[in-house]
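The values are calculated or read from the model by the stated rules, or taken from the named source; none is laboratory data. Just so you know, these numbers come straight off a predicted model, no measurement behind them. Because the Cβ atoms are built from the backbone with ideal geometry, glycine has one as well, and the counts that use them run over all protein chains shown.
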Amino acid sequence: MTSRSDEGPRDRPLPEDAGAGRSHGPVGDWGEDGSIDATARVVDAAPTDEERRIEAALRPRRLADFPGQQRVRDQLGLVLEAARRRQAPPDHVLLSGPPGLGKTTLAMIIATELEQPMRITSGPAIQHAGDLAAVLSSLAEGEVLFLDEIHRMARPAEEMLYLAMEDFRVDVIVGKGPGATAIPLELPPFTVVGATTRSGLLPAPLRDRFGFTGHLDYYNTEDLQRILTRSAGLLEIEATREGIHEIASRSRGTPRIANRLLRRVRDWAQVHGEHLVDQDASLAALELFDVDKQGLDRLDRAVLEALCKRFGGGPVGLSTLAVAVGEEPDTVETVAEPYLVREGYIVRTPRGRSASRTAWEHLGLQPPKSTPSQDQLPLGGRLDH
């Protein structure tokens, strides 16, 4: 299914990634059997339906107002300005990076900067070539087509998209069997903006047809503080600099998580008869929601405690580790492990997962002498490939 606006880009619900570990709720909790409910983590970067509505009011509308990602902003600004001066649609744009960093926001900013309407759909919604043909055939000249989770598009639709992006033409098949005829359909020039959390799954022919590729990295604390200050103003939340800093430092470099934690701290302050998000309120609320100073929640700490206390720091296989924390292997691998590896708490080796010296110290435990420190880990904390 697709949607279109003739008045410009607007926020619409987008299908969620159906992969393992996607969130359907904002607050982490324990399951009835004592296991950790990983489908409801306050530090999960996957959006809920409620958050999509809230983000519509928080999203910046112009590239100059987009915080952080300075290099991508400068590169994208150059591409858009050059296209405006040529009075022609810009090259197709691919935005990649982890969830919650602003890919959808940037796509909407592109349409706004070009002063063009925007069509929104997603890879899971394009399961047949006919679905894509119906979308492409109704595009207006200069329109922006946003394809979220583009790596999940069906292969026949991908092959049709190749031709459409390069030659602005699609071949419509009429009839079946030996009598089938391909009728070429000319398309007006348009711009595809693709977003993906897993760029490695995109086939090379599709990647090659994007003239500009921007990779979004995790935000630093200073950028997150600017985002939270702006969000607090838009949501009419009174907050101090210290309170904002406390939230930003625990947000795992992700604006979506930062905005979610801001709302939870606001809730705590209101319930306790206060109307100020200060450092005390932030500390109390984040402790209530089990988000520690490094942004780790219960599932993250459960993985580290299993590694250090039950298995002596590892190495231990993924399946065994998942059983120890009462979760599925896919949940541990896709929900908890990426952040723990990125921050150097876990080392992935050919023999399994091992805890780094940083993990032992975070739990207040004495690490074995043979445990590698974070500085000794390769980039990303990985020993395998």
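Quick notes
- Annotation: of all residues in segment 325-357 being within 19 Å of SER251 (Cβ to Cβ) and over 18 Å from the mean Cα position of the chain (by Cα), the one that is surrounded by the fewest Cβ atoms within 10 Å (Cβ to Cβ) is GLY344.
- Where strands (runs of 3 or more DSSP E) sit wholly within segment 138-252, those with at least 3 residues that are at negative phi and more than 20 Å from the chain's Cα centre (by Cα) occupy 169-174, 181-186.
- Candidates are the residues of segment 241-278 that are more than 29 Å from LEU216 (Cβ to Cβ) and in contact with a helix residue (DSSP H, G or I) (Cβ under 8 Å, 6 or more places away or on another chain); the one that is surrounded by the most Cβ atoms within 10 Å (Cβ to Cβ) is ALA269.
- Residue in segment 307-326 that is touching a strand residue (DSSP E or B) at 6+ places or on another chain (Cβ under 8 Å) and under 23 Å from SER231 (Cα atoms) present: no
- Count of segment 75-127 residues which are under 15 Å from the mean Cα position of the chain (by Cα) and among the polar types (S, T, N, Q): 4
- Complete set of residues in segment 77-105 that are in a helix (DSSP H, G or I), in contact with a strand residue (DSSP E or B) (Cβ under 6 Å, 6 or more places away or on another chain) and under 22 Å from ARG256 (Cα atoms): LYS103
- Residues located in segment 106-130, provided they are in contact with a Ser or Thr (Cβ under 8 Å, 6 or more places away or on another chain), under 21 Å from PRO89 (Cα atoms) and either of a type in the set (A, V, I, L, M, F, W, C) or assigned to a strand (DSSP E or B) (or both): ILE110, LEU114, MET118, ARG119, ILE120, THR121
- Boolean, ALA82 is hydrophobic (A, V, I, L, M, F, W, C), surrounded by 20 or more Cβ atoms within 10 Å (Cβ to Cβ), out of contact with any helix residue (DSSP H, G or I) (no Cβ under 7 Å at 6 or more places or on another chain) and under 20 Å from PHE212 (Cα atoms): no
- Cβ pairs under 6 Å, 6+ apart, first in segment 121-135 and assigned by TED's automatic domain parsing to the domain that holds PRO184, second in a helix (DSSP H, G or I) and of a type in the set (Lys, Arg): GLY123/ARG152; PRO124/ARG152
- Condition met for GLN69 (more than 20 Å from MET118 (Cα to Cα), surrounded by fewer than 17 Cβ atoms within 10 Å (Cβ to Cβ) and under 22 Å from the mean Cα position of the chain (by Cα)): no
- Helices (runs of 4 or more DSSP H) (entirely within segment 283-346) containing at least 1 residues that are among the charged types (D, E, K, R): 298-305, 337-342
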